[in-house]
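Q: Let me begin by handing over the structure; questions about it come next.
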Amino acid sequence: MTFNIPSMTVVGLLFIGIALSVPVLYKGFSRRGKGTFYESNFLIQRAPQLLSGVNVALIVLSFMVYNNVISGIPGLTPVLSLTNSEPSGALLVISWLGVLIMISGFIFMIGGWYSLGEAFSTDAELLEGQEVKDSGLLKFVMHPAYSGIIQSLVGASIAGLSPLSLLFALFVVAPLWLRRAKYEEELLVKTFGEKYKDYATKLKWRRLVPSFFPIGV
């Protein structure tokens, strides 16, 4: 069984990402549920996480189809014939574009977790002693980790040539993370008032797209 080069690159990035994520995620999980205010709403708290997991499962299946490990499943990959699973021409360019987006996503996701420091929890909650942070990747976008999660899923979907996974990431997962981001902003505005509003205004209220891009949300 031979995997094509873009696929092997994605697997390599995944292992690197896991290695870099373990320390910060361990601390984030240890803080989970210990905040001064914890949101129990399913759509805010669990839906983004669970459906991101579904998206990952779709992406894994798409790579298995992409590399001829399993037979084609409608919607997961284009109806194309790949000799020895190796993409070429436009397909190769698209795959590598997806890999680049995935790299950017990992930088924002993992970097966002580390940027939050002691304020990072894996759940939406307000931690004791939490303050408005504007360091690290928080200098460029209000929710770098959520931006990174979406970028990673979009990039991996493109790298695996999976229209279904891409549509799921853009129209199911992304809106859920955006809703969670807006909820957290309401909580932070109530807690920190003008201090948080000043921070958000400085970043043009860019929740997912860095403020140095001309357009974005």
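This table checks each residue for (1) in a loop (DSSP other than H, G, I, E, B); (2) at pLDDT 95 or above; (3) closer than 23 Å to residue 16 by Cβ.
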site	(1), (2), (3)
113	no, yes, yes
117	no, no, yes
142	yes, yes, no
148	no, yes, yes
153	no, yes, yes
164	no, no, no
168	no, yes, no
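Q: Going through region 1-58 one residue at a time, which ones are small (Gly, Ala, Ser), under 21 Å from residue 115 (Cβ atoms) and free of Cβ contacts under 8 Å to residues at least 24 places away in the same chain? First the steps, then the outcome.
A: Let us first name the residues in region 1-58 that are small (Gly, Ala, Ser), namely 7, 12, 17, 19, 21, 28, 30, 33, 35, 40, 47, 52-53, 57.
This time we only want the ones that are under 21 Å from residue 115 (Cβ atoms), so: 17, 19, 21, 28, 30, 35, 52.
Within region 1-58, 19, 30 qualify.
Q: Here's a follow-up. Looking at residue 122, is it part of a helix (DSSP H, G or I) and polar (S, T, N, Q)?
A: no
Q: Quick test for you: out of 131, 125, 185, pick the one residue that is exposed (fewer than 15 other Cβ atoms within 10 Å of the Cβ) and over 14 Å from the mean Cα position of the chain (by Cα).
A: Testing whether each residue is exposed (fewer than 15 other Cβ atoms within 10 Å of the Cβ) and over 14 Å from the mean Cα position of the chain (by Cα) leaves just 131.
Q: Quick one: which residue in 172, 209 is of a type in the set (Val, Ile, Thr) and under 27 Å from residue 32 (Cβ atoms)?
A: Being of a type in the set (Val, Ile, Thr) and under 27 Å from residue 32 (Cβ atoms) holds for just one of 172, 209, which is 172.
Q: State all residues of region 191-209 that are assigned to a helix (DSSP H, G or I) and either under 22 Å from residue 105 (Cα atoms) or in contact with a strand residue (DSSP E or B) (Cβ under 9 Å, 6 or more places away or on another chain) (or both); if no residue qualifies, say none.
A: Once the filter is applied, which keeps residues that are assigned to a helix (DSSP H, G or I) and either under 22 Å from residue 105 (Cα atoms) or in contact with a strand residue (DSSP E or B) (Cβ under 9 Å, 6 or more places away or on another chain) (or both), region 191-209 yields 191, 200.
Q: Report those helices (runs of 4 or more DSSP H) wholly inside region 1-78 carrying at least 2 residues which are at pLDDT 95 or above. Steps first, answer last, please.
A: Details: elements: 5-31, 42-45, 47-66.
So the answer is 5-31, 47-66.
The values are calculated or read from the model by the stated rules, or taken from the named source; none is laboratory data. What you are looking at is a predicted structure, and each value in this text was computed from that prediction instead of being measured. Quick reminder, even Gly has a Cβ in these numbers, built from the backbone with ideal geometry, and neighbours come from all protein chains shown.
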